[in-house]
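To keep things clear, I will list the structure first and then write my remarks on it.
Bear in mind that the values in this text are calculations on the coordinates, not laboratory data. Remember, it's a predicted structure, so these values are computed and weren't measured experimentally. Using ideal geometry, Cβ is built from the backbone for each residue, glycine included, and neighbour counts are taken over all protein chains shown.
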Amino acid sequence: MKLTTKGRFAVTAMLDLALHAQSGPVSLAAISERQKISLSYLEQLFGKLRRGQCVASVRGPGGGYQLAKPAAQLNVADIIVAVEEQLDSRQCEGKESCLGEKRCMTHDLWESLNDTVLRYLSGITLADLVQKHHAQNIQTHTQTIAAPQSLKNTNDLKSIPKVRPDNTSRGRVKLETPLSIS
């Protein structure tokens, strides 16, 4: 089984396309910039994805690529197969000639692995990946804006000096609790 950079980049680029497609066709230059994938490599991949009916191209100003089907109808296996990524861990590539003219003893094991992986990847849609990406972003954003751990202990808040305005002079304040500097 070989899942190479080609398959990984194709899935990554398709996820990027799905995430940004609501505002119209997406340029490969934009995907290239966001995902740090070479533009010429994306051009090769998207040619195959177009022939595999995963994406459609839009020409002219504001052109680019869009999904050929709804994200819920495109699965990861479709994308990987479209870019000619071979999902076969058998040495004989299904010809049952692992040992010259006969099958090897573990042929059925590798065939079962192929079926399992293909079934798994076929069960994950682009819409699933989009939903997971959004959920991770929400979780990350929530963690980012959460109160610092140092402020979660209310006893720590008691050590912060209290400040009150000084009525005798403008703009000055007096500390109600002395500041201890160590």
### Query
What pairs from LYS6/LYS132; LYS48/LYS69; LYS6/LYS48 go past 18 Å between their alpha carbons?
LYS6/LYS132
### Size of charge dipole - the stretch 1-79 - debye, nearest 20, with Cβ of Lys, Arg +1 and Asp, Glu -1, no other charges
220 debye
### Inter-label distance, nm, simple model (7 Å from Cα along the C-beta direction), GLN66/GLU101
5.8 nm
### Task
Sort the stretch 1-79 into rounded, prolate or oblate with this rule: let a ≥ b ≥ c be the square roots of the eigenvalues of the Cα gyration tensor; rounded if a/c is under 1.5, and if a/c is not under 1.5, prolate when a/b is larger than b/c, oblate otherwise.
oblate
### Task
Name the long-range amide H neighbours of VAL55: under 5 Å, sequence gap of 5 or more, or other chain; modelled H, no Pro or chain starts.
ARG50, ALA68
### Summary
Scoring the stretch 5-82 by relative contact order with C-alpha pairs under 8 Å, at least six apart, yields a percentage of 36 percent
### Query
Can you give the FRET efficiency for GLN53 and GLN86, using 1/(1 + (r/R0)^6), R0 = 25 Å, r = Cβ-Cβ distance, to the nearest 0.05?
0.85
